[in-house]
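Structure record follows, encoded as structure tokens.
The values are calculated or read from the model by the stated rules, or taken from the named source; none is laboratory data. Fair warning: this is a prediction, and the values are worked out from it, not measured in the lab. Backbone-built Cβ (ideal geometry, glycine too); neighbour counts: all protein chains shown.
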Amino acid sequence: MSLTLWKNRLYYYLPTIVVAVTVLLVWEMATRLLDIRQFLLPRPSAILASLFDQWPLIRPRVYSTTRGAVGGFIIGTTVGIGMAFITARFVALREAMMPFAIAANSVPIIAMSPIMFNWFGPTNPLSWMMIVAMMVFFPVLINTVRGLTEIKPEALELMHSYAASDLKILFSLRVPNALPFLFSALRVASVLSMIGAIVADFFGAERNTIGKYVTQQASSLRFDNTWAAVLVASLIGILFYSLVVWIERLVTPWAAAHQDN
């Protein structure tokens, strides 16, 4: 990677870093100077100290929650892409399915969580995965269908002029066109998957999860520990998002180069 590209990335992320550091400093100073009670708003330093102190209790819970997030992400993405290929192929099915998919996507996941646990069991990891899969499925379906169908007419005419088969058009034109749409949905889905897993923690009977730890510490008014667990969940979501972005750069280098420019 060239030095110029590194400088451009530094300039790109520098405002974000400056804002983040400034917010943390203001937060720390405000809680000290205004003597804000810790149960209302803990200091960042107290949250960090709590994270190190409580890490032996939080660490085993990371696996359970992350398992549900990653498993649901894989299930929702796989089913969403498969359904997108089917609905994009048949116009009548697409016109019938898309309004339903958009309407179903508006259903709050918190309302569906008890139903999923009733279907698959309150301690079955599949319950967590299905809740997450529901959140991931619809963005992946909608964006992939857009990418497969929103083809430039001149590109499609050119393929037809070479007597290209439908299969050739699919893999040479439609799929490459759909990849940026798909990864746009996957970036959103990577964040939604962690949110869905935490929401599922609140309803599941499994106690060794981040969500259960948050509710336990909040009920005991130990909000420094609560914020520490939230910080861990946020970091997992950021890492998951970064992984998707890294894979996107490998799979669609032309889109990554366009974004860098």
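A compact table of results
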quantity	calculated
Top-ranked residue in segment 144-171 [being surrounded by 15 or more Cβ atoms within 10 Å (Cβ to Cβ) and not aliphatic (A, V, I, L, M); ranked as farthest from GLY68 (Cα to Cα)]	THR149
Looking only at segment 177-205, and only at residues there that are β-branched (Val, Ile, Thr) and in contact with a Ser or Thr (Cβ under 9 Å, 6 or more places away or on another chain), the one that is modelled with the lowest pLDDT	VAL199
Residue list for segment 86-116, filter: over 22 Å from the mean Cα position of the chain (by Cα) and touching a residue at least 60 places away in the same chain (Cβ under 8 Å)	ALA88
Pairs where the first residue, in segment 178-204, is farther than 19 Å from MET112 by Cα and the second is charged (D, E, K, R), C-beta under 7 Å, 6+ apart	PHE181/ARG146; PHE183/GLU248
Condition check for LEU51: surrounded by 10 or more Cβ atoms within 10 Å (Cβ to Cβ), touching a residue at least 40 places away in the same chain (Cβ under 8 Å) and under 26 Å from the mean Cα position of the chain (by Cα)	yes
